[in-house]
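The values are calculated or read from the model by the stated rules, or taken from the named source; none is laboratory data. Since the model is a prediction, treat every value here as computed from it, not as a measurement. Please note: Cβ atoms are built from the backbone with ideal geometry, for glycine as well, and neighbour counts cover all protein chains shown.
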Amino acid sequence: MPASTKTAERQAPPQARSLIGLRSEDRELALRLAERPDLLVVESDPLSGASILLAHATKDADRSTVLVDARVSGSALDLAMVIATAAIVRLAPQAASWWDGAGTFDVEGLRLSRTLSDRGIDLDELRVGSGGGIEQLRHALELVAELSEGDGLLAIDHLDDLLERLSVRNARAVLGVLRAEHQRAGSLQQLLVGRVDGRLATALRDPEHPLYRAGDALQLRRPRPQRFIDDMAATRRQWKDATLALVGAAAELAAGAPAYVWRTVDAARAGDNRDALTGWRRLRESSEPSTAQQFRLLGSVHRAGPTVVCAIANGIGPYELPLNPKSVNDALTRMRARGQVYSPGKQRWAISDPLLAAWARENAPAWVHRRAQR
């Protein structure tokens, strides 16, 4: 293939592709962080590209940054260890072998231990995960502040995933520690990412919560498919007309979810028939086992979950179903808390994962299809 026909994505910098559809949000987040807020809470729709923006923003930050993913944490102690480990790897890599237990003596590890010991922090306890979770979370935050010399940024992605696993009391305690830490002199700045109207964002607006008005808020909604075309048109010299058409069609099929848009484009280009529908079909086929399993698990969230998802996928309002309205409401509330459904607008519901939506649309019970045709 001649060099002149190389794909536009290969000609452009890697981040140019990942930020398509998200350019205005990327600028907004950069501006907010440039103001150096003590605490910034980001509310995002599921699969909105918030993680892409977060990775880009923290990579280009003009200060020491630690980025962690709260999805791997099941408790405050888990989160503390994740933060501490990320801080060591990012800000004190020379102590990483000691921290992982691969080395018995390390000058940097000894220095850190002595410095934090003066503050009543046992770094060995934090390293192996012993002690109370809330106390160790406080110690992990102080560790980041110490390593960043008072000019650090801690970014916690998917924080609502952890908060939803905890009891209301324990979730409140975690957020209370984060609030108390950002008020301490010499503390680090925090960027916390959760879901729209999730526990994190709700706490920021709740007068009875320790996090009430503790910082600024920024809302990131999933981009509309047209945004991908608009962002590409703004830098048209990097993209060919055929690429614009392919990405635009992929964005429609993937309901604007950035990660799925580019997976669809890549799947389309993997064969001879390079159109978005073919790419989407290939992506669905390769993901079908995991998508079907994802659908099965809806029943463990709420018994009405699978039916409600099938209705939404087929354009039926969930409250139009022949089900008890309270049961429908409970199913929506639980699935929303887990990021399985979201509300793109007032009194509107959508399935977060476009692959799951497509699977549910095709595999819904016959009576759901009949209702959808009315």
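Structure notes:
- VAL68 vs. criteria buried (at least 18 other Cβ atoms within 10 Å of the Cβ) and under 22 Å from GLY131 (Cα atoms): yes
- The set of residues from region 268-307 being in a helix (DSSP H, G or I) and under 22 Å from TYR319 (Cα atoms) comprises PHE295, ARG296, LEU297, LEU298, GLY299, SER300, VAL301, GLY305, PRO306, THR307.
- Residue identified as surrounded by fewer than 15 Cβ atoms within 10 Å (Cβ to Cβ) and under 13 Å from ARG221 (Cβ atoms) among SER44, SER24: SER24
- Pairs, first touching a residue at least 40 places away in the same chain (Cβ under 8 Å) and assigned by TED's automatic domain parsing to the domain that holds PRO318 in region 350-366, second assigned to a strand (DSSP E or B) and buried (at least 20 other Cβ atoms within 10 Å of the Cβ), C-beta under 8 Å, six or more apart: ALA350/VAL341; ALA350/TYR342; ILE351/VAL341; SER352/VAL341; SER352/TYR342; ALA357/ILE351; ALA360/ILE351
- Here GLY101 meets the list (1) more than 21 Å from the chain's Cα centre (by Cα); (2) surrounded by 20 or more Cβ atoms within 10 Å (Cβ to Cβ) almost entirely, failing just condition (2).
- Looking across PRO306, PRO325, one residue alone is buried (at least 18 other Cβ atoms within 10 Å of the Cβ) and more than 22 Å from the chain's Cα centre (by Cα). It is PRO306.
- When the residues of region 148-165 are filtered to those that are of a type outside the set (Asp, Glu) and more than 15 Å from VAL82 (Cβ to Cβ), the one that is surrounded by the fewest Cβ atoms within 10 Å (Cβ to Cβ) is GLY150.
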